[in-house]
Amino acid sequence: MYTMRERLLNDAAARDRGNAEELTRQIHETSDLTSTLAKLETAEDQLRTLQANLIAERVARTQIERENDTTSEDMRDCRNELASAVRALRRAREEGKRTDEERRRLARCFEETKTQ
């Protein structure tokens, strides 16, 4: 009778030990999963920060490129205006030379006519 009782107690103790080992294993796995989840959440936060920085840098680069294009266009416009002004000044100088030559020629003709 005692042997059967001892056997039943031993079987129950073995079952309890097995259950305790299973619970310990599950607790350990849960702890590992919790640690991994915390690491994952940290990594996700870092990823979001990096994505936000990347977007901000792209926006800044786009703005700089647009400003650069605008500056290039402004410089091209200024260069064209300057070239037009230089051409106009050259034309005016040439016209002034022609006018001076015509005035001198007319003055010579007048003097020649006057002296005859």
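Here, each number is a calculation from the coordinates, and none is a lab measurement. Since we're looking at a predicted model, the values are computed, not measured. Heads up, the Cβs are rebuilt from the backbone with ideal geometry, glycines too, and the neighbour counts pull from every protein chain shown.
At a glance:
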{"read-out": "Computed lengthening from L82 to E101, 0.36 nm per intervening residue step minus Cα-Cα distance", "value": "4.0 nm"}
{"read-out": "15 Å beta-carbon shell around Q63, net charge (K/R +1, D/E -1)", "value": "-1"}
{"read-out": "Cα extents of the chain along the three principal axes, largest first (Å)", "value": "170, 10, 8"}
{"read-out": "Whole-angstrom gap from the stretch 1-49 to the stretch 85-116, using each part's C-alpha centre", "value": "111 Å"}
{"read-out": "Residue-count net charge about L54 - beta-carbon cut-off 14 Å; Lys, Arg +1, Asp, Glu -1", "value": "+2"}
{"read-out": "Karplus-derived HN-Hα couplings along the stretch 47-59 (A = 6.51, B = -1.76, C = 1.60, θ = phi - 60°), whole Hz, x at Gly and Pro", "value": "4, 4, 5, 5, 5, 5, 4, 4, 5, 4, 5, 5, 4"}
{"read-out": "Residue-by-residue Karplus 3J(HN,Hα) for the stretch 40-46, coefficients 6.51, -1.76, 1.60, Hz, glycine and proline x", "value": "5, 5, 5, 5, 5, 4, 5"}
{"read-out": "For the chain, calculated [θ]222 nm from helices alone, where every DSSP H run of n ≥ 4 adds -39500 (n - 2.57)", "value": "-38000 deg cm²/dmol"}
